[in-house]
Amino acid sequence: MKSIRNSSVQLFLFVGVAIFITFAMISVEARKHHNNRNKPHKHLKDNGSKGHNAPDPATKIPGPAPAPLPHYGSYPTHSTIFDVLSFGAKGDGVSDDSKALLAAWKAACKVSGAIVEIPAEFKFLIKPITLQGPCMPHLVLEIDGILLAPQQVGAWPKTGLFQWINFKWVHDFTIQGTGKVDGQGSDWWSPSAVYYIQKKFKHNPDMKPTALRFYDSHNVTVRDIEIRNSPQCHLKFDSSSGIRVNNITINSPEDSPNTDGIHLQNAKDVEIQHSNIGCGDDCVSIQTGCSNIHVHHIHCGPGHGISLGGLGKDKSVACVSDIVVEKISLQNTLSGVRIKTWQGGIGSVKNVTFSNIEVSDVKYPVIIDQFYCDKKTCKNHTDAVAISGVKYDGIIGSYSVQPIHLACSNHLPCTDVDLINIQLKPISNGYRGFRQALCWNSYGKSQAPLLPSSIDYCLRTESGSVKGTARSHHEHIC
């Protein structure tokens, strides 16, 4: 009886195992059938046989391409860099690479966050060119190599005499890099060049190319690059706003005429900082139509200093306001910080601060000149640009001609002029200038310490009638 029960148990276990194995095999076959239905069919070419060849079971049938991984940056790197070499540039400093630069610009202009690359270790000869917007935002011109202007005056077309590289209607744009922009301007500085321009083009010989010019451009940054030896002005912003210039170097010889470092005209909301500028004219020139300008941490020299003007030339209207120039060092310059206007102009200069200015061997550290004239003689006029609300605070160092020269209009006095903490000593060797401060028709107040002591009684005390005359003269012009 016991033997019969053991046989029954063994039979039951055998049947159970058999059923489990059968269901497992059916499940595997079902999965295989399902997978084969979802695989793409491989279509083979007919190699001349009457029927289609059957797929080789050993052949691996490729599945669909995997989806690309999501990109979490702005744009993939390979699609945003436009190297001028890829557009046909030679980079040998001799071949004309203007067309390649323009082609790279036009392609990059259509892509947000694009970079036009001027690669290092190459020199690119670029003839006068306009790089025009509007473009997609956040466009960058990366200058790591060297851009060269035509060296000979005769190689410049008549249409290129105003600027070399012109940026027009660009927004949200940056120039950066470790490279150089070389205007090769020495030929333009000679008297023979003036004669050549007069003879060939029959126009004003003072018109010479600016190296980099921005026109009607907004939210522009220029940083880290070097600009040198421009035929005339090195970097100009005209009718532009939201400008940031940081950590650039500008170089041209002291005797290179009219080679302003940075020139602003009809520019608003500008910051120029932490840069080294040496040239043959104003390190920074602030012209009519400028407001909300902040210039700081600049080393200037050689050059003519930091200037507002000349303003009001040919009886024109000049309006300049809300200017802050601070933390500046000037060495071996014609002037330190100055305001210069032409007789006969109209308009106003107001709310200007010059503070924390260090001067070393500067001819005229502090200037207001309302009799500015770049000729041997200029006609006298009664009209003048009104100057008010100008503060000089913390002007310290050495001068070689005169410490302070405030020459205001005979007919329209300068008002609200503050002289605070002015400490200026003559240079120790070979000084032959004036030790006395000059203040002509200028009103305001002074505050110690003051050196030389003549500064203390230089300014006149203001009265209500003087302020009223200055304010009403051009009250509704600016």
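No lab work stands behind these numbers, since they all come straight from the coordinates. From a predicted model like this one, the values you see are computed outputs, not experimental measurements. Methodologically, a virtual Cβ is constructed for each residue, glycine included, from the backbone with ideal geometry; neighbour enumeration extends over all protein chains shown.
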#### Entry: Convex hull of segment 117-259 built on C-alpha atoms - directionally averaged projected area, nm²
8.2 nm²
## Note on the structure
With residue 399 itself left out, Lys, Arg at +1 and Asp, Glu at -1 over residues whose Cβ is under 11 Å from its Cβ give +2
### Query
Which is farthest toward the positive dipole end of segment 320-478 among 351, 411, 478, measuring Cα position about the Cα centre, with Cβ charges +1 (Lys, Arg) and -1 (Asp, Glu)?
411
### Summary
Scalar couplings 3J(HN,Hα) for segment 329-334 by Karplus 6.51 cos²θ - 1.76 cosθ + 1.60 (θ = phi - 60°), nearest whole Hz, x for Gly and Pro, are 10, 10, 9, 6, 10, 5
### Task
Could you quote the convex hull projected area for segment 322-405, Cα atoms only and averaged over all directions, in nm²?
5.7 nm²
## Note on the structure
So residue 314 and residue 356, fully extended at 0.36 nm per residue minus their Cα-Cα distance, gain in nm 11.7 nm
### Query
For the residue pair residue 436 and residue 477, what label-to-label distance in nm results when each label sits 7 Å from Cα along the Cα-to-beta-carbon direction?
3.2 nm
### Summary
The long-range amide H neighbours of residue 406, using H built 1.01 Å from N in the peptide plane and a cut-off of under 5 Å, are 368, 438, 439, 440
### Message
Once R0 is set to 25 Å, what does the formula 1/(1 + (r/R0)^6) return for the Cβ-Cβ distance between residue 106 and residue 158, expressed as a FRET efficiency to the nearest 0.05?
### Response
0.55
### Task
List the residues of segment 136-150 whose backbone N lies under 15 Å from a point placed 7 Å from the Cα of residue 223 along the Cα-to-Cβ direction.
138-143
### Query
Under 20 Å from a point 7 Å along the Cα-to-Cβ line of residue 269: which residues of segment 315-332 have their amide N that close?
320-325
### Query
For labels at residue 374 and residue 79 in the simple 7 Å Cα→Cβ model, what's the distance in nm?
5.0 nm
### Query
Using 0.36 nm per residue, how much length does the chain from residue 292 to residue 98 gain when fully extended, once their Cα-Cα distance is taken away?
66.3 nm
### Query
In segment 140-168, which residues have a backbone nitrogen under 20 Å from the label point lying 7 Å from residue 90's Cα in the Cα-to-Cβ direction?
145-157
### Task
Order these peptides, 381-388, 362-369, by their mean beta-carbon neighbour count within 10 angstrom, highest first.
362-369, 381-388
### Task
Grab every C-alpha pair in segment 204-345, bin the distances at 10 angstrom width from 0 up to the longest one, and report whole percents.
13, 46, 36, 5, 0
